[in-house]
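Nothing in this text is a laboratory measurement; each read-out follows from the coordinates by a stated rule. As the structure is a prediction and not an experimental result, all values here were calculated from the model. Cβ placement follows ideal geometry from the backbone for every residue including glycine, while neighbour counts extend to all protein chains displayed.
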Amino acid sequence: MAEALQLPVIDLSSPDRLSSANSIRQACIEYGFFYLSNHGVKAELLREVLSESRKFFSLPVEEKMKLARKEHRGYSPLYDENLDPASSSKGDSKQSYYVGPLDDPMDQIKLNQWPPEGDFRYTAILETHNGIILQRTGQKFIWCWPFYFRSAGKRLLSLVALSLSLDEDFFVRVGGLDKPTAFLRLLHYPGDAITSGEEIYGASAHSDYGMITLLATDGVPGLQICRDKSKRPFIWEDVPHIEGTFIVNIGDMMERWTNCLFRFSPIRSGDYLKERLRVRYDEITGAARLVDRTIYDSETHFLFDPSEFHIYDSETHFQFDPSEFHI
């Protein structure tokens, strides 16, 4: 059994922003992970999202496959994804449902795929958030939650800027939030026992490709991280559930932008015997200025070449290759 890891808890509502920024800096240097409390997402909304998620994943496979994933949107069935082919030929014991941003220009060609509204019970509620009226009916219910995630993500990125000794509005000024590419993923780990003798994970070892990932859970543990990616074999530690918090981790892009000051930790979803639900939100930020050198002086030794999101983000970054890690 893996050891339980004690990660710091960052209070997003704390008035002492400098102290919060310093805590984020330390957490991102040491772990690449932390908990986020007082993030602004209501507990009852999370419960409803998890309930509707469970309802969707309980549909017959043939119904879900009508929404088969295309262009990172739609349904991905059990064992369809394999984040670490070197360690498992079976694939990952999870099913997923991907939703891209409704305000993405690419969505003009209707990349998002939605289940029939008649399959779900939605509560007709009008809410106002940051001046946006959200009607939680039909497909709009699924997407109203990321508005809260995005709000938390923007506030968090301002603290990340402070943690790098930058102005709070740095990511806004460089255009990093002009056209953010954010994805909501509903994840279901069924907990089915496999008798093949092959080691199976809910999600094999991998890294996240974006700037930051916010993860909400149903309270059932399973997440594991490896803090030292230079050692073999990897030593995995459990990330316990803390009620009312999100689990936040940095991704490849943040590591690149900070020139490995902030370093991602390999991640996997362990014990496949336990059924659990997750809701994951990936904030990629804007494309044009993502991985550049604007925050460094001329004496800095750069570990990466500048690159843009549309070049850097590809299917290969869903896979895990220890030889690609920058130690």
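Counting other beta carbons within 10 Å of each Cβ, put K94, K154, K229 in order, fewest first.
Placing the least packed residue first, the sequence is K154, K229, K94.
The ranking of D16, D218, D252 by Cβ neighbour count inside 10 Å, starting from the fewest, reads D16, D218, D252.
Using the structure shown, list the pairs from K231/K274; K70/K94; K94/K229; K64/K94; K64/K154; K42/K66 with a Cα-Cα distance above 22 Å, or answer none. The answer is K231/K274; K94/K229; K64/K154; K42/K66. Ordering C226, C28, C260 by the number of other Cβ atoms within 10 Å of each residue's own Cβ, fewest first, gives C260, C226, C28. Classification of region 1-72 by its C-alpha gyration tensor yields a prolate form. The axis ratio a/c (a ≥ b ≥ c) is 1.5 or more, and a/b outweighs b/c. Phi angles of region 244-257 translate, via the Karplus equation with coefficients 6.51, -1.76, 1.60 and θ = phi - 60°, into HN-Hα couplings of x, 10, 9, 8, 10, 9, 8, x, 4, 5, 5, 4, 5, 5 Hz per residue; Gly and Pro are given as x.
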